[in-house]
Amino acid sequence: MSEGASSDRYAVTAAQAGMTLAAFLRTHLSDQSWREVRRLIEVRRARIRGELCLDPARRLKEGDAVELLARPAPRPVEREAITIRYLDPHVVVVEKPAGIPTVRHPSERGWSRQRKALSPTLEDLVPPLIALKETRVAKGPPPRLRVVHRLDKETSGLLVFARRIAAEQSLGKQFKAHTVVRRYLAIVPGNVEGQRIASRLVRDRGDGRRGSTHLPDAGKEAVTHVEVKERLPGYTILACRLETGRTHQIRIHLAELGHPICGEKVYQRKPGQEPEPDRSGAPRLALHAVELGFAHPMTGRALHWTMPLPADLQHFVDRLRP
């Protein structure tokens, strides 16, 4: 690792696809033993596509971005940091803190309970909180939550899980019909105007990252409605309402507009170009799911919540203000 660097990043080529994480890293760290390379992974120093990975045997895919951190990643979020805003037998709405994935990667689902605890997800931490609120006597693992949408690991805000199959199906129909209210606050550099952004998103824009395509029959339609909430010196606070909910949609749309979200580490570059410098000093990705609303899947009653900016982003905004 280069001296003084915060991390080293490596791209997985077609020839390297299928290698384990440990084997891949050792090709770049030939002066270290297998045991030393595995130890680097176990002490929270390896990330794949921005997600911490503790599994030396994780198989890599072409285009994966592997990052070796200069120091171990922060310890995982504790369940005490999660707030349940609404709970009934059919759904649970929570305030997700930044720094925790919504769900676990499929390759990690077979991990032991102890291993999962080293890198928990929201999906892991919410059921025990529900059990405490419902004073359920523990008899084996609690019923699994049913995922109907996700927030990125570094995005904070409101999120709903279904607890029953019928609720999952009803919410799925609402998301598909675009009737669920999802509004985010994003802090971006520069002066942005309110607008409707529409494009077709593909999984690989040519450099292993998601992005928009001009091909009419490729990708999936993505629509984001952008409204200006506040102008700051050199920055704009935007309210972004999702009409569709594609992976990384807001991040991609704002980056392609020329205004990547402060703290962005994936879409701050155009294909084949160097990353655009981020001088904002953002503590993390400055994106927060501030509003959530939907019809109760069983009763049809309108439900709605808002959540203010968490302390880290509020302090960031206060520092940007004159």
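In this structure, Ala282 does satisfy being open to solvent by less than 30 Å² (accessible area, probe 1.4 Å), part of a loop (DSSP other than H, G, I, E, B), modelled with pLDDT of 95 or more and out of contact with any Pro (no Cβ under 9 Å at 6 or more places or on another chain).
The residue of region 48-63 that is farthest from Arg26 (Cα to Cα), among those that are surrounded by 19 or more Cβ atoms within 10 Å (Cβ to Cβ) and within 19 Å of the chain's Cα centre (by Cα), is Leu52. For region 167-179, the set of residues classified as at pLDDT 95 or above and either in contact with an Asp or Glu (Cβ under 9 Å, 6 or more places away or on another chain) or open to solvent by less than 20 Å² (accessible area, probe 1.4 Å) (or both) consists of Ala167, Leu171, listed by residue number.
Being open to solvent by 20 Å² or more (accessible area, probe 1.4 Å), touching a residue at least 60 places away in the same chain (Cβ under 8 Å) and on the phi < 0 side of the Ramachandran plot holds for only one residue in Arg85, Arg113, Arg75, and it is Arg85. Taking the stated definitions as given, is Leu254 in contact with a strand residue (DSSP E or B) (Cβ under 6 Å, 6 or more places away or on another chain) and in a loop (DSSP other than H, G, I, E, B)? In short, no. In this structure, is Val37 in contact (Cβ under 8 Å) with a residue 60 or more places away in the chain and open to solvent by less than 50 Å² (accessible area, probe 1.4 Å)? It is false that Val37 is in contact (Cβ under 8 Å) with a residue 60 or more places away in the chain and open to solvent by less than 50 Å² (accessible area, probe 1.4 Å).
Any residue at all in region 225-235 that's assigned to a loop (DSSP other than H, G, I, E, B) and open to solvent by 40 Å² or more (accessible area, probe 1.4 Å)? Yes, region 225-235 contains at least one residue that is assigned to a loop (DSSP other than H, G, I, E, B) and open to solvent by 40 Å² or more (accessible area, probe 1.4 Å). If Arg104 passes every condition in (1) surrounded by fewer than 15 Cβ atoms within 10 Å (Cβ to Cβ); (2) closer than 23 Å to Arg59 by Cα; (3) of a type in the set (D, E, K, R) but one, which one does it miss? Checking Arg104 against (1) surrounded by fewer than 15 Cβ atoms within 10 Å (Cβ to Cβ); (2) closer than 23 Å to Arg59 by Cα; (3) of a type in the set (D, E, K, R), the one that fails is (1).
Yes/no matrix, rows are residues, columns are (1) within 29 Å of Tyr10 (Cα to Cα); (2) without any contact (Cβ under 8 Å) to a residue 24 or more places away in the chain; (3) open to solvent by less than 20 Å² (accessible area, probe 1.4 Å):
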site: Arg163; (1), (2), (3): no, no, no
site: Val181; (1), (2), (3): no, no, no
site: Ile187; (1), (2), (3): yes, no, yes
site: Gly190; (1), (2), (3): no, no, no
site: Arg200; (1), (2), (3): yes, yes, no
site: Asp204; (1), (2), (3): yes, no, no
site: Arg209; (1), (2), (3): yes, no, no
site: Pro216; (1), (2), (3): no, yes, no
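Against the conditions (1) within 30 Å of Gln174 (Cβ to Cβ); (2) not in a loop (DSSP other than H, G, I, E, B), Glu36 satisfies every one except (1).
The conditions of being of a type in the set (Val, Ile, Thr), closer than 27 Å to Gln174 by Cβ, open to solvent by 20 Å² or more (accessible area, probe 1.4 Å) and outside any loop (DSSP other than H, G, I, E, B) are met by Val290. Of the residues making up region 124-145, not a single one is in contact (Cβ under 8 Å) with a residue 12 or more places away in the chain, part of a loop (DSSP other than H, G, I, E, B), in contact with a Gly (Cβ under 8 Å, 6 or more places away or on another chain) and buried (at least 16 other Cβ atoms within 10 Å of the Cβ).
Screening Leu118 with (1) surrounded by 12 or more Cβ atoms within 10 Å (Cβ to Cβ); (2) modelled with pLDDT of 85 or more gives one miss only, at (2). A single entry from Leu285, Leu292 fulfils the requirement of being aliphatic (A, V, I, L, M) and in contact with an Asp or Glu (Cβ under 6 Å, 6 or more places away or on another chain): Leu285. Take Lys265 and tell me if it is open to solvent by 50 Å² or more (accessible area, probe 1.4 Å), over 27 Å from Val91 (Cβ atoms), in contact with a Leu (Cβ under 8 Å, 6 or more places away or on another chain) and charged (D, E, K, R). Answer is yes for this residue. Could you list, in sequence order, the residues of region 227-253 that are of a type outside the set (S, T, N, Q) and over 20 Å from the mean Cα position of the chain (by Cα)? Those that are of a type outside the set (S, T, N, Q) and over 20 Å from the mean Cα position of the chain (by Cα): Glu227, Val228, Lys229, Glu230, Arg231, Leu232, Pro233, Gly234, Tyr235.
The values are calculated or read from the model by the stated rules, or taken from the named source; none is laboratory data. Every value quoted in this text rests on a predicted model; they were computed, and no experiment measured them. Ideal geometry is used to build each Cβ from the backbone, glycine not excepted, and the neighbour counts take in all protein chains shown. All accessible areas refer to the heavy atoms of the entire protein, side chains included, with ligands and DNA or RNA removed. Shrake-Rupley method; radii C 1.70, N 1.55, O 1.52, S 1.80 Å.
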